[in-house]
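Chemist: This is the structure I want to talk about, given as structure tokens.
The values are calculated or read from the model by the stated rules, or taken from the named source; none is laboratory data. Everything numeric in this text was worked out from a predicted model, so none of it was measured. Here the Cβ positions follow ideal geometry from the backbone for every residue, glycine too, while neighbour counts run over all protein chains shown.
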Amino acid sequence: MSQQKHIILQNGSCCKVNEIPLLTYNQFTTHTLELMTNPQCHCVNYYSYPVNENAHRFICCIANDSKAEIYVYGWECLLKETPKVYSITPACPALHIFEREISENTGLIFENHPWNKPVRWSFDRQDATKVSDNYPFYRIESEELHQVGVGPIHAGIIEPGHFRFICNGEKVLHLEIHLGYQHRGVEQLFLQKETLAQQTILAESIAGDTVAAHTTAFAHALESLAGTEVSQNTIHSRTLAIELERVAIHTGDLSALCTDIAYQPGAAVFQGLRTTLINTFLTWCGNRFARRLIRAGANPFPLNIEIKEIILKNLLAFESRYIEMAEYMFDAPGVLARFEDTGIVTEEQARLIGAVGMAARTCDIRRDIRSSHPYGWFLKKAHHPVCHHSGDVYARAILRHNEVKQSLSYIRKMLEDLPEEDAIPNKAELAFTPDSFTISMTEGWRGEICHCAITDSSGKLKHYKIKDPSLHNWFALALAVRNNDISDFPICNKSFDLSYCGYDL
Amino acid sequence: MFTIFNIIKHQGKQYIPDVTKVTLPAYHPGKPHIENKLCSQNCNDCVQHCPVKAIDNSPLRIDLSKCVFCSDCENICPEKKIQFTPDFKIASNTLENLVVTEGIINSTFFNPDIIRKEIKRCFGRSLKLRLVSNGSCNGCELELNAAGNVNFDMGRYGIEFLASPRHCDGVVITGPLVKNSEQALELTYKAIPQPRIIILVGACAISGGIFADSSALNRSFLDKYKPDLYIPGCPVHPLTFINGILELIK
């Protein structure tokens, strides 16, 4: 009988750490490449953690989107003895960012990695001599070409990151994105913090624009480790929060897109409309961005008739005004001329880099955790992802519009069959199963969020790994601006609206 | 073409006529109020529980420079001694005044006597700011963006965020101040012509917040330069931000 090559998990389920098969590196690469030949499979996480002083374990999670299965397996090595292995990236480019991250954190060298550059200058990186100032930018020596550097501090109220363009006249030939300026050591802090309350506040601060989706992923991970079941009302309120967050941020992003093309009606109206939505959160839980709302093992702000009426009233005030503005905007030739054929990412490119979420769906790739690995309310309700095929700024704008409409209908459906109200007070602590591994995914408005947690023999968190969709999708932006005018960079950037802090952690 | 007029009509007037006089609904957690009564149970639960260690005992006090307004302390207290009021005017120009102590009602947050003279003279009618996000989660950025939108419209007071520090009067810092952005912050600050001000926005910037004990921080900038205004919150409410600045410059 052949050796079992992986363990099959579902979204939000857990297993014992020693049930995860450990392969040799050769077996590992062969198996990974074999799984990844299936177009329904994509890598949701691949990371390393120290088992003891010398040995490092590498965990790979490949999701099969048609079977709702996640294949988890790994390999192990002594870092002192194995400083070099050959890279999988040339054969499977979607893994490039994971290998870069592992390399930066552990010092392991992936030979033949075509783009082995630092990811975020993590404070505990292996090689402290590598600093932001000596980032190895790609260079082309030519008298015709020139470089343009933008950032880290940008012209606006936005997070920091450095963009280096190589331009041929006005046209962008190449863009390299160099981040890490927001790195604040979130993953390490999850282990440093001792109480559940502290870890929850931390989860809410991974990305302040995706509070509901990140905190739900965190809560699901912890509940799975603790074996806690939550009520139907809790499930409804969490899923509703994620969908409401999606509507709110998408609306805000449409406003920002309008600002970038100097389309004042859209800019002003969508901004104002977003206020209605985030103030709904304020009424519900006392915070405009859904902080305080989601707590592992608890339901501090249950959905009840009162909240239902407020949400429905606000949605009513929002929807007609939103639809009116959006339809007018997507009918305006001036807007369409700026959006269409700007910043194109092809389906092939998106598949190669392993794009997720919105960036994938605008290239006609049906990648959506709500349908492929459902969680919460979507376990009961089949979700059909909205897709678009053109991969340009227009696709990313119209996809937002269509997702807003879809999410509004979901929110209404969730409120229609409201489960019985039950307030579960916040828990002081949860007791975790020792020596376990769990994987938890949600579909935030940007795309798939993946949290993996491992406990030690005493049931305390031993390792916590966060993946924001931006980790994959920043590369999509770099590809999108090629052969576009450099003046179109802001609108391309805004159309993705990726997270700097979610990437930098 | 009449559609656009209809759109404008349907939006109605959305701006808040006077941001200094408006009140927020009761569910907004703003300035806490600590009742002046003995802790009969002496449980110390609030001090133990606070995720950012913002609470201290005897006398019971909450440090808003650290507080993330989760209001867990309000719920955990068996005697309901702590209550968050919707009062959003909690910006201060000293760190000491950000500490709310039990029994003290109407404690003043802002001390007008110690504002540098040139601030009102130079910036009273126009204040241009440069944002430096320094390890922030983007929550405060969203709210600072909102401060300029059709609802809050801080532009009417001459307060605005600009692109170039050379055209600005001060720097607004969000986030816990991280090693990787130390140089960028220093360069931006020095690019601003004098006189210039420093405004710290959010619990992270003022005290490090939930990230205070992270090894990735470098807060030495604050040892070198003294901030003129501290605006607490997680994230800050646009009204807290605008009112804080108005108190400083008007």
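Chemist: Among the helices (runs of 4 or more DSSP H) lying completely within region A:386-505, list those that include at least 1 residues that are surrounded by fewer than 24 Cβ atoms within 10 Å (Cβ to Cβ).
Modeler: Details: elements: A:393-416, A:470-480, A:489-496, A:500-504.
Correct list: A:393-416, A:470-480, A:489-496.
Chemist: Do we find that residue B:39 is more than 11 Å from chain A (Cβ to nearest Cβ), touching a residue at least 24 places away in the same chain (Cβ under 8 Å) and either assigned to a loop (DSSP other than H, G, I, E, B) or closer than 30 Å to residue A:323 by Cα (or both) in this structure?
Modeler: On the way: more than 11 Å from chain A (Cβ to nearest Cβ): yes; touching a residue at least 24 places away in the same chain (Cβ under 8 Å): yes; either assigned to a loop (DSSP other than H, G, I, E, B) or closer than 30 Å to residue A:323 by Cα (or both): yes.
Yes: the conditions hold for residue B:39.
Chemist: What do you reckon, is residue A:274 over 15 Å from residue A:248 (Cα atoms), crowded, with 23+ Cβ neighbours inside 10 Å and within 11 Å of another protein chain (Cβ to nearest Cβ)? Lay out the reasoning, then the answer.
Modeler: Details: over 15 Å from residue A:248 (Cα atoms): no; crowded, with 23+ Cβ neighbours inside 10 Å: yes; within 11 Å of another protein chain (Cβ to nearest Cβ): yes.
Criteria not met by residue A:274.
Chemist: Residue check: is residue A:364 at pLDDT below 95, among the acidic types (Asp, Glu) and more than 24 Å from residue B:5 (Cα to Cα)?
Modeler: Numbers: at pLDDT below 95: yes; among the acidic types (Asp, Glu): yes; more than 24 Å from residue B:5 (Cα to Cα): yes.
Yes: the conditions hold for residue A:364.
Chemist: Can you tell me how many residues in region B:141-157 are out of contact with any Phe, Trp or Tyr (no Cβ under 9 Å at 6 or more places or on another chain) and either closer than 16 Å to residue B:247 by Cβ or facing chain A (nearest Cβ under 7 Å) (or both)? First the steps, then the outcome.
Modeler: Initial filter on region B:141-157 (out of contact with any Phe, Trp or Tyr (no Cβ under 9 Å at 6 or more places or on another chain)): B:141, B:149, B:155, B:157.
Narrowing further to those that are either closer than 16 Å to residue B:247 by Cβ or facing chain A (nearest Cβ under 7 Å) (or both): B:141, B:149, B:157.
Selection size over region B:141-157: 3.
Chemist: Being over 20 Å from residue B:98 (Cβ atoms), free of Cβ contacts under 8 Å to residues at least 40 places away in the same chain and more than 12 Å from chain A (Cβ to nearest Cβ) is the filter; apply it to region B:167-223 and report the residue that is surrounded by the most Cβ atoms within 10 Å (Cβ to Cβ).
Modeler: B:196
Chemist: Given A:283, A:234, which one is under 25 Å from residue B:73 (Cα atoms) and surrounded by fewer than 24 Cβ atoms within 10 Å (Cβ to Cβ)? Outline the logic, then answer.
Modeler: Values: A:234 fails: surrounded by fewer than 24 Cβ atoms within 10 Å (Cβ to Cβ).
The unique qualifying residue is A:283.
Chemist: Continuing with this model, one more query. Within region A:154-161, identify whether any single residue is assigned to a loop (DSSP other than H, G, I, E, B), at the interface with chain B (Cβ under 8 Å from one of its Cβ atoms) and acidic (Asp, Glu), and answer yes or no.
Modeler: The answer is yes; a qualifying residue exists.
Chemist: Tally up the residues in region A:327-361 that are touching a residue at least 12 places away in the same chain (Cβ under 8 Å) and assigned to a loop (DSSP other than H, G, I, E, B), please. It would help to see each step written out before you state the result.
Modeler: The first filter runs over region A:327-361 and keeps only residues touching a residue at least 12 places away in the same chain (Cβ under 8 Å), leaving A:328-330, A:332, A:334-336, A:338-347, A:349-361.
Retained after the next criterion (residues that are assigned to a loop (DSSP other than H, G, I, E, B)): A:330, A:332, A:340-346, A:354-356.
Result for region A:327-361: 12.
Chemist: Is it the case, given these coordinates, that residue A:208 is part of a helix (DSSP H, G or I), small (Gly, Ala, Ser) and within 8 Å of another protein chain (Cβ to nearest Cβ)? Walk me through it before giving the result.
Modeler: Details: part of a helix (DSSP H, G or I): no; small (Gly, Ala, Ser): yes; within 8 Å of another protein chain (Cβ to nearest Cβ): yes.
For residue A:208, the condition - part of a helix (DSSP H, G or I), small (Gly, Ala, Ser) and within 8 Å of another protein chain (Cβ to nearest Cβ) - is not met.
Chemist: Among the listed residues A:214, A:220, A:236, A:250, identify the single one that is within 26 Å of residue B:50 (Cα to Cα) and touching a Phe, Trp or Tyr at 6+ places or on another chain (Cβ under 7 Å). Let's see the steps before the verdict.
Modeler: Values: A:214 fails: touching a Phe, Trp or Tyr at 6+ places or on another chain (Cβ under 7 Å); A:236 fails: within 26 Å of residue B:50 (Cα to Cα); A:250 fails: within 26 Å of residue B:50 (Cα to Cα).
Only one candidate passes the filter, namely A:220.
Chemist: What tally of residues in region B:127-156 results from selecting those that are surrounded by fewer than 21 Cβ atoms within 10 Å (Cβ to Cβ) and in contact with a strand residue (DSSP E or B) (Cβ under 8 Å, 6 or more places away or on another chain)?
Modeler: So the count comes out to 2.
Chemist: Go through region A:95-145 and give me each residue that's aliphatic (A, V, I, L, M), loosely packed, with under 13 Cβ neighbours inside 10 Å and within 14 Å of chain B (Cβ to nearest Cβ).
Modeler: Our first condition is that a residue be aliphatic (A, V, I, L, M); within region A:95-145, this holds for A:95, A:97, A:102, A:108-109, A:119, A:128, A:131, A:140, A:145.
Of the ones still in play, those that are also loosely packed, with under 13 Cβ neighbours inside 10 Å are A:128, A:140.
Across region A:95-145, the qualifying residue is only A:128.
Chemist: Shifting gears a bit: For region B:53-69, enumerate the residues that are touching an Asp or Glu at 6+ places or on another chain (Cβ under 9 Å) and surrounded by 20 or more Cβ atoms within 10 Å (Cβ to Cβ).
Modeler: Of everything in region B:53-69, those that are touching an Asp or Glu at 6+ places or on another chain (Cβ under 9 Å) and surrounded by 20 or more Cβ atoms within 10 Å (Cβ to Cβ) turn out to be B:54, B:55, B:60, B:62, B:63, B:68.
Chemist: Output yes when any residue across region A:293-312 is in contact with a Lys or Arg (Cβ under 8 Å, 6 or more places away or on another chain), in a helix (DSSP H, G or I) and touching a residue at least 24 places away in the same chain (Cβ under 8 Å), and no when none is.
Modeler: Yes, region A:293-312 contains at least one residue that is in contact with a Lys or Arg (Cβ under 8 Å, 6 or more places away or on another chain), in a helix (DSSP H, G or I) and touching a residue at least 24 places away in the same chain (Cβ under 8 Å).
Chemist: Among the residues of region B:96-133 satisfying the criterion of being over 20 Å from residue B:64 (Cα atoms) and in a loop (DSSP other than H, G, I, E, B), which is modelled with the highest pLDDT?
Modeler: B:126
Chemist: Identify, by number, the condition in (1) in contact with a strand residue (DSSP E or B) (Cβ under 6 Å, 6 or more places away or on another chain); (2) within 14 Å of chain B (Cβ to nearest Cβ) that residue A:428 doesn't meet.
Modeler: Among (1) in contact with a strand residue (DSSP E or B) (Cβ under 6 Å, 6 or more places away or on another chain); (2) within 14 Å of chain B (Cβ to nearest Cβ), the lone unmet condition for residue A:428 is (1).
Chemist: Hey, could you check region B:224-241 for residues that are in contact with a Phe, Trp or Tyr (Cβ under 6 Å, 6 or more places away or on another chain) and hydrophobic (A, V, I, L, M, F, W, C) and say which is surrounded by the fewest Cβ atoms within 10 Å (Cβ to Cβ)? Give the steps one after another, and end with the answer.
Modeler: From region B:224-241, those in contact with a Phe, Trp or Tyr (Cβ under 6 Å, 6 or more places away or on another chain) are B:231, B:234, B:237-240; that's our starting set.
Add one more test, that the residue is hydrophobic (A, V, I, L, M, F, W, C), and what stays is B:231, B:234, B:239.
Values: B:231: 30, B:234: 26, B:239: 24.
Selected residue: B:239.
Chemist: What tally of residues in region A:251-266 results from selecting those that are assigned to a helix (DSSP H, G or I) and within 14 Å of residue A:334 (Cα to Cα)?
Modeler: 7
Chemist: Does region B:154-166 include one or more residues that are in contact with a Gly (Cβ under 7 Å, 6 or more places away or on another chain) and touching a residue at least 40 places away in the same chain (Cβ under 8 Å)?
Modeler: Checked region B:154-166: at least one residue is in contact with a Gly (Cβ under 7 Å, 6 or more places away or on another chain) and touching a residue at least 40 places away in the same chain (Cβ under 8 Å).
Chemist: Okay, moving on. Within region B:139-160, count every residue that is under 16 Å from the mean Cα position of the chain (by Cα) and under 17 Å from residue A:155 (Cβ atoms).
Modeler: Going through region B:139-160, the residues under 16 Å from the mean Cα position of the chain (by Cα) turn out to be B:139-148, B:152, B:154, B:159.
Filter again for under 17 Å from residue A:155 (Cβ atoms), leaving B:141, B:144-145, B:148.
Residues that pass the stated criteria total 4.
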